[in-house]
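Note sheet for the following structure.
The values are calculated or read from the model by the stated rules, or taken from the named source; none is laboratory data. Quick caveat, the model's predicted, so the values are computed rather than measured. In this analysis, Cβ positions are derived from the backbone assuming ideal geometry, glycine residues included, and neighbour counts consider all displayed protein chains. What goes into the accessible areas is simple: the full protein's heavy atoms, side chains included, and nothing from ligands, DNA or RNA. Shrake-Rupley method; radii C 1.70, N 1.55, O 1.52, S 1.80 Å.
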Amino acid sequence: MADALLVQGLSVKLGSRTVLRDVALEAPFGEITAILGPNGAGKSTLLRAISGLVPHSGRVSLSGTALSSLEPHERAKLLSFVPQSTLLSVAMPVREVVLQGRYAHRSGRARDPAGDAHAVALAMEETDVAQFAERVFTQLSFGEQRRVLLARALATGARTILLDEPTAALDIAHSLRLYALLRSLSTQGRCIVVVLHNLDEVRHYTDHAVLLKQGCVTAAGRSLDILNAPRVREVYGVDIIEGGGLGFRLPEGQP
């Protein structure tokens, strides 16, 4: 696939344990791809390997360009990663945290303070954290911090965004707004890859799904096709109850 994030033969070994084995996936630009699997399947490790944060074998490319061939600042302009949590412990204002996403654009003589300020302001508005701009990041709730980290990723301008369980700790309204934002980003031509646990959310909000079990891909394809009753029982050991649970939506006219 020409215009896609392509992973070929990716394996990760941590110590004596093989966490991922010969993983392959295609995540098209313009769509949302979910990474699924039970606890310990290797989902978070896969995102970190794609981001270059974990040593691995195999090939990761964007639109045919191998990410291993790029300098770190070039890679950062193309791909951004939103982790489950952050090690950031410095008492920085939220605006400065989001500004970190612009570091790849601020090297050498190609500085654009006005462009940086615009990108930061837009990212904070899209993630509903503008009201936190001057607050200290470490004093925010976990859910608020997650939204700030997403804003930092958006500020990079990268066309590919990887998110590890982005709705964890978000309330219902912010979860719905997050999915609306991800859909908007995908329709603008970005490649969105997201680790999710809630299979109902996968069905409703994603286009493609890659199912991992014990570090291997067991299925990949359209989300509605992947999450069928036999496969969910095989991988998760549970039965699907169609129509079960509650559904939510934002009130009409509310952004």
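Kindly indicate which of Ser175, Ser223 is open to solvent by less than 30 Å² (accessible area, probe 1.4 Å) and touching an Asp or Glu at 6+ places or on another chain (Cβ under 7 Å). Even if it seems obvious, please write down each step before you answer.
Numbers: Ser175 fails: touching an Asp or Glu at 6+ places or on another chain (Cβ under 7 Å).
Of Ser175, Ser223, the one residue that is open to solvent by less than 30 Å² (accessible area, probe 1.4 Å) and touching an Asp or Glu at 6+ places or on another chain (Cβ under 7 Å) is Ser223.
If you go through region 226-250 and keep only what is more than 26 Å from the chain's Cα centre (by Cα), open to solvent by 70 Å² or more (accessible area, probe 1.4 Å) and under 25 Å from Arg177 (Cα atoms), you end up with Glu242, Gly243. The set of residues in region 136-158 that are part of a helix (DSSP H, G or I), farther than 13 Å from Pro93 by Cα and within 16 Å of the chain's Cα centre (by Cα) comprises Gly143, Arg146, Arg147, Leu150, Ala151, Ala153, Leu154, Ala155.
Go through Ser61, Ser85, Ser68 for me and flag whichever is of a type in the set (S, T, N, Q), open to solvent by less than 50 Å² (accessible area, probe 1.4 Å) and closer than 25 Å to Ala155 by Cα. Going through Ser61, Ser85, Ser68 in turn, just one is of a type in the set (S, T, N, Q), open to solvent by less than 50 Å² (accessible area, probe 1.4 Å) and closer than 25 Å to Ala155 by Cα: Ser61.
Checking Ala169, Ala110, Ala180, Ala121 one by one, the residue that is modelled with pLDDT under 95, outside any loop (DSSP other than H, G, I, E, B) and among the aliphatic types (A, V, I, L, M) is Ala180 and no other.
Among the residues of region 37-57, those identified as open to solvent by 60 Å² or more (accessible area, probe 1.4 Å) and in contact with a helix residue (DSSP H, G or I) (Cβ under 9 Å, 6 or more places away or on another chain) are Leu53, Pro55, His56.
Take the residues in region 206-246 that are part of a strand (DSSP E or B) and hydrophobic (A, V, I, L, M, F, W, C), then tell me which one is nearest to Ser186 (Cα to Cα).
Step one: filter region 206-246 for residues part of a strand (DSSP E or B), giving 208-213, 216-222.
Narrowing the set further to residues that are hydrophobic (A, V, I, L, M, F, W, C) leaves 209-212, 216-217, 219-220.
Working: Ala209: 15, Val210: 18, Leu211: 21, Leu212: 23, Cys216: 27, Val217: 24, Ala219: 23, Ala220: 19 Å.
It comes out as Ala209.
Within region 150-172, the only residue that satisfies the criterion of being of a type outside the set (A, V, I, L, M), within 25 Å of Tyr236 (Cα to Cα) and open to solvent by 40 Å² or more (accessible area, probe 1.4 Å) is Glu165.
When you look at Gly15, is it crowded, with 16+ Cβ neighbours inside 10 Å, without any contact (Cβ under 8 Å) to a residue 24 or more places away in the chain and not acidic (Asp, Glu), yes or no? Walk me through it before giving the result.
On the way: crowded, with 16+ Cβ neighbours inside 10 Å: no; without any contact (Cβ under 8 Å) to a residue 24 or more places away in the chain: yes; not acidic (Asp, Glu): yes.
So Gly15 fails the test.
With respect to (1) free of Cβ contacts under 8 Å to residues at least 12 places away in the same chain; (2) open to solvent by less than 10 Å² (accessible area, probe 1.4 Å), the lone exception for Ser186 is condition (1). May I ask you to say which residue of Ser11, Ser61, Ser69, Ser80 is more than 17 Å from the chain's Cα centre (by Cα) and over 30 Å from Val232 (Cβ atoms)? Result: Ser69 is the single residue among Ser11, Ser61, Ser69, Ser80 that is more than 17 Å from the chain's Cα centre (by Cα) and over 30 Å from Val232 (Cβ atoms).
Does Ala34 fit the bill of being crowded, with 22+ Cβ neighbours inside 10 Å, of a type outside the set (Ser, Thr, Tyr) and in a strand (DSSP E or B)? Let's see the steps before the verdict.
Numbers: crowded, with 22+ Cβ neighbours inside 10 Å: yes; of a type outside the set (Ser, Thr, Tyr): yes; in a strand (DSSP E or B): yes.
So Ala34 passes the test.
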